[in-house]
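See below for the structure under consideration.
The values are calculated or read from the model by the stated rules, or taken from the named source; none is laboratory data. All values reported here derive from a predicted model rather than from experimental measurement. Quick reminder, even Gly has a Cβ in these numbers, built from the backbone with ideal geometry, and neighbours come from all protein chains shown.
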Amino acid sequence: MTWASSAYAYNQRSAARRLLVAAQTAARMILPVLGLTAALAAVYLFIDMPAPRFLGAPWLTASHLLLPFAFLAIHLTNRRYGPGYAFWQLVVSLVLLASLAALGGEIVHHLLPPAAEPTAREVAAFGTALLLAGFLSIVTFDGLRGPRWWTAPLAGSMAAALAFAAIFYPAAYAGSAPAWINHMAVHAGVLTVGAFAMLLPYWLLRRMVEPLAGYGGY
């Protein structure tokens, strides 16, 4: 076999390996992306459902309470596949939702009553806040993964809670809603409580979502 034919065969094998790795990566992302997309879709669909009255904030909706589930989905992917996969899960889910909204605009508009439909500013603020808060939660989770199983998900969710509230409310309401600072503080508190609440489903799913080799079993 000549040098040229050997190089050609090597390039063919390398290309096949790259395609295999790409296919495996895509296959691994299907369930994480579907899970996060479903959680974010629920946040949108329940934006007009009032939260329980005992919370003492009549403006709170079920959407405010469901957001911690999105961070839980990211933590589980981070636990299993690592921060790179978790970040791409977040990006792909946001792109998928944006594409669905763009392609099925009329259908999306009819899912909610006009009074509950978010404005373009709120949607942009939500996407930006979720992306940055999700990235912070991913970095925090990965840096704190270890033998205490609760440290990484709790710290990751709390970091995401504070970052989301601090980014979303000024971006969405500053200059237009006088009570946005109060709403930001209340929602940050709700998300912080949600961070503790999400420890239970995380603990229940730990055995089903074992980390791959290289993460020390954490």
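So which residues in the stretch 165-175 are out of contact with any Lys or Arg (no Cβ under 8 Å at 6 or more places or on another chain) and closer than 13 Å to GLU122 by Cβ?
So in the stretch 165-175, the residues out of contact with any Lys or Arg (no Cβ under 8 Å at 6 or more places or on another chain) come out as 165-170, 173-175.
Within the stretch 165-175, ILE167, PHE168, TYR169, PRO170, TYR173, ALA174 meet the criteria.
Filter the stretch 85-101 down to the residues that are touching a residue at least 24 places away in the same chain (Cβ under 8 Å) and surrounded by fewer than 23 Cβ atoms within 10 Å (Cβ to Cβ) and list them by number.
As a first pass, look at the stretch 85-101 and keep what is touching a residue at least 24 places away in the same chain (Cβ under 8 Å): 85-94, 96-98.
Within the stretch 85-101, TYR85, PHE87, TRP88, VAL91, VAL92, LEU94, LEU96, LEU97, ALA98 qualify.
Among the residues of the stretch 40-52, write down those that are in a helix (DSSP H, G or I) and in contact with a helix residue (DSSP H, G or I) (Cβ under 6 Å, 6 or more places away or on another chain). Steps first, please.
First, the residues of the stretch 40-52 that are in a helix (DSSP H, G or I): 40-45.
Once the filter is applied, which keeps residues that are in a helix (DSSP H, G or I) and in contact with a helix residue (DSSP H, G or I) (Cβ under 6 Å, 6 or more places away or on another chain), the stretch 40-52 yields LEU40, ALA42, VAL43.
On the given criteria, is SER99 of a type outside the set (A, V, I, L, M, F, W, C) and at pLDDT 95 or above?
Working: of a type outside the set (A, V, I, L, M, F, W, C): yes; at pLDDT 95 or above: no.
For SER99, the condition - of a type outside the set (A, V, I, L, M, F, W, C) and at pLDDT 95 or above - is not met.
Can you tell me which residues in the stretch 190-211 are assigned to a helix (DSSP H, G or I) and among the hydrophobic types (A, V, I, L, M, F, W, C)? Step through it out loud before you land on a result.
From the stretch 190-211, those assigned to a helix (DSSP H, G or I) are 190-197, 199-205; that's our starting set.
Answer for the stretch 190-211, where residues must be assigned to a helix (DSSP H, G or I) and among the hydrophobic types (A, V, I, L, M, F, W, C): VAL190, LEU191, VAL193, ALA195, PHE196, ALA197, LEU199, LEU200, TRP203, LEU204, LEU205.
I'd like the residue in the stretch 160-189 that is assigned to a helix (DSSP H, G or I) and of a type in the set (Ser, Thr, Tyr) and, out of all such residues, is nearest to PRO118 (Cα to Cα).
Here is the first cut: in the stretch 160-189, the ones assigned to a helix (DSSP H, G or I) are 160-173, 180-189.
Of the ones still in play, those that are also of a type in the set (Ser, Thr, Tyr) are 169, 173.
Working: TYR169: 13, TYR173: 12 Å.
Within the stretch 160-189, the match that is nearest to PRO118 (Cα to Cα) is TYR173.
Would you mind stating whether GLU117 is closer than 27 Å to PRO170 by Cβ, more than 20 Å from the chain's Cα centre (by Cα) and among the charged types (D, E, K, R)?
Working: closer than 27 Å to PRO170 by Cβ: yes; more than 20 Å from the chain's Cα centre (by Cα): yes; among the charged types (D, E, K, R): yes.
Answer is yes for this residue.
How many of the residues in the stretch 119-150 are over 23 Å from TRP88 (Cα atoms), without any contact (Cβ under 8 Å) to a residue 24 or more places away in the chain and part of a helix (DSSP H, G or I)?
The number of residues fulfilling the criteria is 1.
Here is a yes/no grid of residues against (1) in a helix (DSSP H, G or I); (2) within 30 Å of GLY82 (Cα to Cα); (3) modelled with pLDDT under 90:
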position	(1), (2), (3)
ALA9	yes, no, yes
ARG18	yes, yes, yes
ALA22	yes, yes, yes
ALA27	yes, yes, yes
LEU31	yes, yes, no
LEU34	yes, yes, no
ALA38	yes, yes, no
PHE54	yes, no, yes
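Can you pull out the residues in the stretch 70-84 that are surrounded by fewer than 20 Cβ atoms within 10 Å (Cβ to Cβ) and part of a helix (DSSP H, G or I)?
The initial filter retains those residues of the stretch 70-84 that are surrounded by fewer than 20 Cβ atoms within 10 Å (Cβ to Cβ), namely 80, 82-84.
Matches in the stretch 70-84: ARG80, PRO83, GLY84.
Restricting to the stretch 34-66, give me the number of residues that are within 21 Å of ASP142 (Cβ to Cβ) and either touching a residue at least 60 places away in the same chain (Cβ under 8 Å) or among the aliphatic types (A, V, I, L, M) (or both).
Step one: list which residues in the stretch 34-66 are within 21 Å of ASP142 (Cβ to Cβ), which gives 35-36, 39.
Subsequent filtering for residues that are either touching a residue at least 60 places away in the same chain (Cβ under 8 Å) or among the aliphatic types (A, V, I, L, M) (or both) retains 36, 39.
Final tally of qualifying residues: 2.
Considering GLY194, GLY189, GLY104, which residue is touching a residue at least 24 places away in the same chain (Cβ under 8 Å), surrounded by 12 or more Cβ atoms within 10 Å (Cβ to Cβ) and of a type outside the set (D, E, K, R)? Don't jump to the end; show me each part of the working.
On the way: GLY189 fails: touching a residue at least 24 places away in the same chain (Cβ under 8 Å); GLY104 fails: touching a residue at least 24 places away in the same chain (Cβ under 8 Å).
Matching residue, one of GLY194, GLY189, GLY104: GLY194.
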